[in-house]
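Visitor: My structure is below; once you've seen it, I'll send some questions.
The values are calculated or read from the model by the stated rules, or taken from the named source; none is laboratory data. Worth saying up front: this structure is predicted, and the values here are computed from it rather than measured. Neighbour counts run over all protein chains shown; Cβ positions are idealised from the backbone, glycine included. Note: areas computed on protein heavy atoms with side chains; ligands, DNA, RNA excluded. Shrake-Rupley method; radii C 1.70, N 1.55, O 1.52, S 1.80 Å.
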Amino acid sequence: MEQALRGPTLQIISSFQDKLPPLHTLFTHLPLSRFRSSRKKRLILSAKFALESEMAGQEGKTVPSDVKSGNMIFVPILDDGIFRFDCSGDDRLAAYPSLSFFNSKDRDTPITRHSVPSYIPTFECALGQQIVKLELPSGTSFYGTGEVSGPLERTGKRVFTWNTDAWGYGPGTTSLYQSHPWVLAVTPNGEALGVLADTTLRCEIDLRKESIIQFTASAPYPVITFGPFASPNGVLKSLSRAIGTVFMPPKWSLGYQQCRWSYDSDTRVREVARTFRKKGIPCDVIWMDIDYMDGFRCFTFDQERFPDPQSLVKDLHDIGFNAVWMLDPGIKCEEGYFVYDSGSKIDVWIQTAEGRPFIGEVWPGPCVFPDFTQSKVRSWWASLVKAFSSNGVDGIWNDMNEPAVFKTVTKTMSERNIHRGDDELGGYQEHSYYHNVYGMLMARSTFEGMKLANENKRPFVLTRAGFIGSQKYAATWTGDNLSNWEHLHMSIPMVLQLGLSGQPLSGPDIGGFAGNATPKLFGRWMGIGAMFPFCRGHSETGTFDHEPWSFGEECEEVCRLALKRRYRLIPHLYTLFYAAHTTGTPVATPTFFADLKNPSLRTLENSFLLGSLLVYASTIADQGTNKLQHDLPKGIWLRFDFHDSHPDLPTLYLQGGSIIPLGPPHQHVGEANLSDDLTLVVALDEYGKAKGVLFEDDGDGYEFTKGGYLLTHYVAELHSSVVTIRVSETEGSWNRPKRRLHVQLLLGGGAMVDSWGMDGDIVQIMMPSEHNVSELVSTSEKQYRTRLESSKCIPDFEEVSGPKGAELSRIPIEMKTDDWIVKIVPWIGGRIISMEHLPSATQWLHSRIEINGYEEYSGTEYRSAGCSEEYKVIELVCLRIHPTFTLLHPMETFVSFTSIDGSKHEIRPEYGDQFYEGNLLPNGEWMLVDKCVGVGLVNRFNVKEVFKCYIHWGTGTVNLELWSEERPVSRQSPLRISHEYEVKATS
């Protein structure tokens, strides 16, 4: 196979050598979607790669005529400091409509202004690809890039915008569920600039070179810059002018939300809800995952397990809960199913390149997918949502909408599928054009359907997939994360990056979705998660229970304290969301926002700001917050708590010069009312002043857009040892409710003095003498230490029952050899959760935790713990071992082996995916070689157990898969593949 390919490849090199552009452009410019023949793809890519040795030393020669380059041309658009850049006037005319802008015409309408941008990008175009570079001052820090894993500071990273079902992602995963081709740059002096590559197509965001932003995508596409402005907040407000602000969430959605895949009956749902109330743990929402449906058919209910959804919702509402229900895009292909029949009647399905409805496997089996790029389809879906909402639905969860498709290497549908989109969206296009916006358009349709159902209620939609601009329609979460400390730590920068990319309403699955959290991990995660904008606990089916009371009394108490904190802070959070909705400011921001010129804060990942409130947390397993050194921004930062200090809860600080509002600790948001006592926490600045704001309305509906609200500005001033707190101004038509006002003036070290009055009246506090302040601070610090020392800490280790009653540890066991360090978790079957090559510190294995690359599949997909699994099914099954390996140098990596028939093979990424079987099977081993570092990873296996070998090249990854034969299996005749790895030096 390889020999037949190599001859004609070299001939192509020989005949086209003089016409190809320089090598450094070849790896990024080829528009593969333009070539229909897979053989053509292999030949052309092979030619590109083989040219490396032949074109060495060619730099400095004339650039071929088909390569364009230069400075981009610009026009001012929309508002001050916003510029549109294109490669040429023709490219400006040829660009597709904007799907990120709230109003696409804003991007295409120049405004009269004579200002000139501070930074002008350069471009290079060849072979259908457009590379845009923007160079900024040395020392510039990069942020944004949307929903990404890894560190907060993005300098040195590379991201690909391609919405992907990324179960079990890691810090190096380059594509997750959402796409934000956006970078926020902060220069050393604290100024900020935003850069948007306005394309829906797959885009590479390359930040690996210091102070250089590079975008690569199919041409043509415009680039929009915002700023530079004096601060990142200025950039984000400007961005919101273009893409829109977050929808105003109903107030109940800021409460804690409990979810699991799956609460499998209405009886279980009621039991969970009643237990929250019985135990006094605040909670506002119970979620229903796919198991409420009849055979996973959307808009249906299982008649045995959820026979009366209206009655269930009424019971939940009676005790203060709201109900959120899942809807996926995959519609079962089944005549007689009303959704399929109605959609087929008006022709709403995405089509194949041959013009037939595309059918792909998802939870119900064979499914068709609505084409949300058409207005008639969005209206059809909205009408279904409207009818569905009559069951008492309070919110809707759109999942699997990348769109995810099972049993495909790409995890999604073919890029050649056809969308018959509206002209204003881009018209008739292949799926590759609409893929990244499919989830956003589905969320938009769902949002509009909920508005139709009840115009007096604000829709609440949660979406997994999205695009920059999705915040107008839906909240989001960080996808299928893992129950480990690394993902707890990552959840902070992930939430912050989403906020810095225009999406302020986000959070992780608290406790981790996949795997079993330990009590300490769960408690620590709840402490941090209770401070995130979106606060939901969610866990995978087959794991232990992950409700707050499931991990012992100590963990339960930490969760109770954490959520009571959140509920006291809801007036502050709701006010921050009003600001986000009206101005575009984030809700949660990195700590460096409080001190833009301090470079040491720019990489800080264990703290964040909620307005003027600083949340400082520990994500280290054996260190509580009290044992960490807190890096505070410049200025006055005063610690305070609710007399609930605990090592597993974050430490809270209020910035000097600030006032934040607090409410009482209710069990659910609906329990609060405007007559409740209001608390103001005050921290004076060095001039003895402070200010803050409180937004209040009905908590739902749209009366606030017509003036039906109360926005109160409070100020505090110190004069002659007296601090006066008063209302400085108000907005809105609401009358001030009659309620008591409790003012707490922070002194430092958690100490405070307080006073009571009526809200709206002047309240005064006599400032203690310096001696008394010192005594109060000293006493408070002693009480703080006493509370920490007397806290009932969550145990570090524990023994739990295994699946068959065996007592197995939850703690990963580390096994070392000279070359490898492997961690396994005995309580999940001894599955490898990480593998690292010690000598080079090169992490090769990027395997899916809890599966470790072992998967058995048939008509229904079954997962096993590894090669020692005892099978419980008797049908045709294939054991597929599919580890994914991260490639540090993708274009310098190849797979080498000798087949059973003696032929030798070197398989490179440009050859595409390859199957080998029969005499072409590797003769018991194959090796993944990185030429740059001279290292090879050898995988040896029992060739008698392997029926096929499969090589799949991904984006910076490769799968080396071993497949067994497909046959019936049982306990007596299990499938088995024995294999091992070795790292060795190569020449």
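Visitor: Do the conditions hold for V693, that is, is it more than 25 Å from P250 (Cα to Cα) and not polar (S, T, N, Q)?
Guide: no
Visitor: Considering each of L662, L694, L684, L718 in turn, give the residue that is more than 23 Å from A579 (Cα to Cα) and either in contact with a Lys or Arg (Cβ under 9 Å, 6 or more places away or on another chain) or not aromatic (F, W, Y) (or both).
Guide: When all the criteria are applied, what remains is L718.
Each row is one residue, and each column tells you yes or no for (1) of a type in the set (S, T, Y); (2) modelled with pLDDT of 95 or more; (3) closer than 25 Å to M400 by Cα; (4) open to solvent by 10 Å² or more (accessible area, probe 1.4 Å).
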{"position": "T164", "(1), (2), (3), (4)": "yes, no, yes, yes"}
{"position": "P171", "(1), (2), (3), (4)": "no, no, yes, yes"}
{"position": "T174", "(1), (2), (3), (4)": "yes, no, yes, yes"}
{"position": "S179", "(1), (2), (3), (4)": "yes, yes, yes, no"}
{"position": "V183", "(1), (2), (3), (4)": "no, yes, no, no"}
{"position": "V186", "(1), (2), (3), (4)": "no, yes, no, no"}
{"position": "L196", "(1), (2), (3), (4)": "no, yes, no, no"}
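Visitor: Run down T575, T619, T625 and say which single residue is out of contact with any helix residue (DSSP H, G or I) (no Cβ under 9 Å at 6 or more places or on another chain) and open to solvent by less than 40 Å² (accessible area, probe 1.4 Å).
Guide: T575
Visitor: May I ask you to list the residues in the stretch 73-89 that are in a loop (DSSP other than H, G, I, E, B) and either in contact with a helix residue (DSSP H, G or I) (Cβ under 9 Å, 6 or more places away or on another chain) or open to solvent by 20 Å² or more (accessible area, probe 1.4 Å) (or both)?
Guide: Matches in the stretch 73-89: L78, D79, D80, G81, S88.
Visitor: Is it fair to say V235 is open to solvent by less than 10 Å² (accessible area, probe 1.4 Å), part of a helix (DSSP H, G or I), of a type in the set (A, V, I, L, M, F, W, C) and at negative phi?
Guide: yes
Visitor: Return only the number of the condition from (1) open to solvent by 30 Å² or more (accessible area, probe 1.4 Å); (2) part of a loop (DSSP other than H, G, I, E, B); (3) in contact (Cβ under 8 Å) with a residue 60 or more places away in the chain that E906 does not satisfy.
Guide: It fails just one condition, (2).
Visitor: Answer yes if at least one residue in the stretch 921-932 is among the hydrophobic types (A, V, I, L, M, F, W, C), surrounded by 18 or more Cβ atoms within 10 Å (Cβ to Cβ) and at pLDDT below 85, and no otherwise.
Guide: No, there is no match, as no residue in the stretch 921-932 is among the hydrophobic types (A, V, I, L, M, F, W, C), surrounded by 18 or more Cβ atoms within 10 Å (Cβ to Cβ) and at pLDDT below 85.
Visitor: Conditions first: (1) among the β-branched types (V, I, T); (2) in contact (Cβ under 8 Å) with a residue 40 or more places away in the chain; (3) farther than 22 Å from R458 by Cα. I331 passes all but one, so which condition is the exception?
Guide: The single condition I331 does not satisfy is (2).
Visitor: I would also like to ask the following. For residues in the stretch 469-483 being of a type outside the set (S, T, Y) and not in a loop (DSSP other than H, G, I, E, B), which is surrounded by the fewest Cβ atoms within 10 Å (Cβ to Cβ)?
Guide: Top of the filtered list is K472.
Visitor: Please enumerate the residues belonging to the stretch 919-946 that are touching a Pro at 6+ places or on another chain (Cβ under 9 Å) and either over 24 Å from Y169 (Cα atoms) or among the hydroxyl-bearing types (S, T, Y) (or both).
Guide: Correct list: V935, F941, V943, V946.
Visitor: A further question on this structure: Out of the stretch 90-123, which residues are more than 24 Å from Y434 (Cβ to Cβ), open to solvent by less than 40 Å² (accessible area, probe 1.4 Å) and out of contact with any Gly (no Cβ under 9 Å at 6 or more places or on another chain)?
Guide: P121
Visitor: Does the stretch 947-958 include one or more residues that are more than 28 Å from Y169 (Cα to Cα), open to solvent by 20 Å² or more (accessible area, probe 1.4 Å) and either outside any loop (DSSP other than H, G, I, E, B) or at pLDDT below 90 (or both)?
Guide: No, because not a single residue in the stretch 947-958 is more than 28 Å from Y169 (Cα to Cα), open to solvent by 20 Å² or more (accessible area, probe 1.4 Å) and either outside any loop (DSSP other than H, G, I, E, B) or at pLDDT below 90 (or both).
Visitor: Among the residues of the stretch 725-748, write down those that are out of contact with any Leu (no Cβ under 8 Å at 6 or more places or on another chain) and either under 19 Å from K689 (Cβ atoms) or surrounded by 16 or more Cβ atoms within 10 Å (Cβ to Cβ) (or both).
Guide: Result: R726, V727, S728, E729.
Visitor: Which is among the polar types (S, T, N, Q), in contact with a helix residue (DSSP H, G or I) (Cβ under 8 Å, 6 or more places away or on another chain), at pLDDT below 90 and buried (at least 16 other Cβ atoms within 10 Å of the Cβ), of S964, S978?
Guide: Criteria check complete, one pass: S964.
Visitor: Mind listing whichever residues of the stretch 749-779 are closer than 30 Å to T730 by Cβ and touching a Pro at 6+ places or on another chain (Cβ under 8 Å)?
Guide: V753, D759
Visitor: Also, I was wondering about something else. Quick one: A242 ticks every box in (1) outside any loop (DSSP other than H, G, I, E, B); (2) under 30 Å from E671 (Cα atoms); (3) not acidic (D, E) bar one, so which box is it?
Guide: The one condition A242 does not meet is (2).
Visitor: Determine, yes or no, whether G699 is of a type in the set (G, A, S), within 22 Å of V753 (Cβ to Cβ), in contact (Cβ under 8 Å) with a residue 60 or more places away in the chain and surrounded by fewer than 21 Cβ atoms within 10 Å (Cβ to Cβ).
Guide: no
Visitor: Additional query: Of all residues in the stretch 681-696, count the ones that are in contact with a helix residue (DSSP H, G or I) (Cβ under 7 Å, 6 or more places away or on another chain) and open to solvent by 40 Å² or more (accessible area, probe 1.4 Å).
Guide: Qualifying residue count, the stretch 681-696: 1.
Visitor: Quick one: which strands (runs of 3 or more DSSP E) sit completely within the stretch 742-827 and have at least 2 residues that are at pLDDT below 95?
Guide: 799-801, 807-809, 813-816, 820-825
Visitor: If you check every pair at least six apart or on different chains, which have Cβ atoms under 8 Å apart with a residue in the stretch 553-576 that is among the acidic types (D, E) first and a residue that is part of a helix (DSSP H, G or I) and open to solvent by 10 Å² or more (accessible area, probe 1.4 Å) second?
Guide: E556/K279; E556/W549
Visitor: Also, I was wondering about something else. Residues to consider are P403, P459; find the one that is closer than 29 Å to V285 by Cβ and touching a Pro at 6+ places or on another chain (Cβ under 6 Å).
Guide: P403
Visitor: Somewhere in the stretch 555-569, is a residue assigned to a loop (DSSP other than H, G, I, E, B), at pLDDT 95 or above and either open to solvent by 10 Å² or more (accessible area, probe 1.4 Å) or aromatic (F, W, Y) (or both)?
Guide: no
Visitor: Checking the structure you have, find out if any residue of the stretch 862-876 is buried (at least 19 other Cβ atoms within 10 Å of the Cβ), modelled with pLDDT of 70 or more and either touching a Phe, Trp or Tyr at 6+ places or on another chain (Cβ under 8 Å) or farther than 20 Å from L937 by Cα (or both).
Guide: no
Visitor: While we're here: Conditions: (1) under 29 Å from A273 (Cα atoms); (2) buried (at least 23 other Cβ atoms within 10 Å of the Cβ). F544 meets all but one. Number of the miss?
Guide: The failed condition is (2).
Visitor: Okay, next question. Would you mind stating whether S253 is among the polar types (S, T, N, Q), under 30 Å from K706 (Cα atoms) and not in a loop (DSSP other than H, G, I, E, B)?
Guide: Here the answer is yes, as S253 does meet what is asked.
Visitor: Would you confirm whether or not the stretch 705-716 contains a residue that is surrounded by 17 or more Cβ atoms within 10 Å (Cβ to Cβ), among the hydroxyl-bearing types (S, T, Y) and part of a strand (DSSP E or B)?
Guide: Yes: one or more hits.
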